[in-house]
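Heads up, the thing below is written out as structure tokens.
The values are calculated or read from the model by the stated rules, or taken from the named source; none is laboratory data. Please read these numbers as outputs of a predicted model, since none were measured by experiment. Neighbour counts are summed over all protein chains in view; Cβ atoms, including those assigned to glycine, are modelled from backbone coordinates with ideal geometry. Heavy atoms of the whole protein, side chains included, go into the accessibility calculation; ligands, DNA and RNA do not. Shrake-Rupley method; radii C 1.70, N 1.55, O 1.52, S 1.80 Å.
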Amino acid sequence: FHGIISREQADEILAGVEGAYILRESQRQPGCYTLALRFGNQTLNYRLFYDGKHFVGEKRFESIHDLVTDGLITLYIETKASEYISKMTTNPIYEHIGYATLLREKVSRRLSRTKTESRKASVTSEENTPVEKITSLVRRAALTQNDNHFNYEKAHNFKVHTFRGPHWCEYCANFMWGLIAQGVRCSDCGLNVHKQCSKYVPNDCQPDLKRIKRVYCCDLTTLVKAHNTQRPMVVDSCIREIEARGLKSEGLYRVSGFTEHIEDVKMAFDRDGDKADISASIYPDINIIAGALKLYFRDLPIPVITYDTYSKFIEAAKISNPDERLEAIHEVLMLLPAAHYETLRYLMIHLKKVTLHEKDNFMNAENLGIVFGPTLMRPPEDSTLATLNDMRYQKLIVQILIENEDVLF
């Protein structure tokens, strides 16, 4: 450390010694520190930060020496191989490497199995019912059940990673350089790539169950792809149980179950997945199961009605003409990710069944809208005022979705 010195003085000290470096305090901004590094016959100056570790960009180092070592490696590679680096992402071998080949084989097997099931369904339809008599509702159900079952698109969840020992990018097959944080790894499927290559990797993440540690608080699309299901198994299991023994329960979804028991159900799903026992012998109060379902939706990192579509749904709800409003809501529904759309569709079909027992459970579409509005949709910004202002529109959206589920979905 050389105290408060100027750039010119730092340049004189480092002159002619390639790879040498010093730290200095800024003359113009006392208390701010600069790393002066000699590379390529010139002195490079970097503003230095410290939060327990030293850093210039996003990498953090235990010592200045490690920071400089990593910096020199990066500078050398980028200087000597800049043209080659620029070509890396334009000529990837992603389709020919182990990870992509394995993924493609998995998808091919699934699709072939799905198509076989689809053909069986078609043959059955032809044998029993003339094609022209098949309703659009049945066609939509067949499409949802078969063709789209394994086609949910999911972006990779890349995070900066430090690799131990030599590592190669699984997108461009080139060496990952640097002392630490040489690239990024998808925390859901384990794909390893350069940071610059990650921008070009297709949204074909196939989450590995070994990496998905829980069911609640897990991204919806990640969960269904990891478990190879159309919808989260929590939704299927809870709705199945509620429809079997709770549709006539007074105040269903409005009456709260014991928090401790709801937490027990959550832990059971996190621990046992679709094998979790939520039967009447274990949880006789159906409100516990209803509470666990609502908790699942509340805990989603991205709500069922996503942050991206939230404002569009609110704007649609504000339209006064009922027909135009319905059309606007339908258009926004088409923007939802496939797994979110399918989950919402299935839930609305269930809630419609709940309203058919209104005489017993006293829960109509409006009451369910009040309960599920804030549960299924949250404003992108964490604003109490925005939430309060939008509550009536949240309620209205869910109410309309329930009342018109056969038309909208």
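So here's what we get for this one:
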quantity: Fully extended contour minus Cα-Cα distance, from residue 358 to residue 44, at 0.36 nm per residue; calculated: 105.7 nm
quantity: Using a Förster distance of 35 Å, the FRET efficiency for residue 245-residue 204 (Cβ separation, nearest 0.05); calculated: 0.30
quantity: Cβ-derived FRET efficiency at R0 30 Å, residue 160 paired with residue 7, nearest 0.05; calculated: 0.45
quantity: Kirkwood hydrodynamic radius over Cα pairs of the chain, then Stokes diffusion coefficient at 4 °C and 1.567 mPa s, in µm²/s; calculated: 51 µm²/s
quantity: Cα long-axis angle, helix 365-376 against the chain (0 to 90 degrees, to the nearest 10); calculated: 20 degrees
quantity: Signed unit charges on C-beta, dipole axis of segment 257-337, positive-most listed residue 329, 290, 311; calculated: 311
quantity: The chain: angle of helix 233-245 to the longest principal axis, Cα-based, in degrees nearest 10; calculated: 20 degrees
quantity: Estimated [θ] at 222 nm from DSSP helical runs (n ≥ 4, -39500 (n - 2.57)) normalised by residues in the chain, nearest 500; calculated: -16000 deg cm²/dmol
quantity: C-alpha center-to-center spacing [segment 266-287, segment 217-251] in angstrom; calculated: 11 Å
quantity: Highest average packing first - 249-259, 168-178, Cβ atoms within 10 Å; calculated: 168-178, 249-259
quantity: Segment 35-94: proportion of alpha-carbon pairs further apart than 15 angstrom, %; calculated: 59 percent
quantity: Taking the C-alpha atoms of segment 307-407, convex hull volume expressed per residue in Å³; calculated: 97 Å³
quantity: Carbon plus sulfur fraction of accessible area for the chain, probe 1.4 Å, in percent; calculated: 52 percent
quantity: For peptides 349-357, 219-227, 381-389, 278-286, sequence by mean Cβ density within 10 Å, most packed first; calculated: 219-227, 349-357, 278-286, 381-389
quantity: Two-site FRET efficiency, residue 386 against residue 260, from Cβ-Cβ distance with R₀ of 30 Å, rounded to 0.05; calculated: 0.40
quantity: Rg to Rh, two decimals, where segment 345-403 supplies the alpha carbon set and Rh follows Kirkwood; calculated: 1.04
quantity: Mean accessible surface per residue for the chain, computed with a 1.4 Å probe while every protein chain stays in place, in Å²; calculated: 54 Å²
quantity: Computed label-point distance, nm, for sites residue 366 and residue 229 using a 7 Å Cα→Cβ extension; calculated: 3.5 nm
quantity: Nearest 10 degrees, 0 to 90: helix 98-128 Cα axis against the chain principal axis; calculated: 10 degrees
quantity: Under 25 Å from residue 53, Cα to Cα: lysines that are on another chain or at least 8 residues apart; calculated: 159, 195
quantity: 25 Å Cα-Cα threshold exceeded, pairs from 225/266; 248/395; 87/199; 318/359; 294/359; 225/312; calculated: 318/359; 225/312
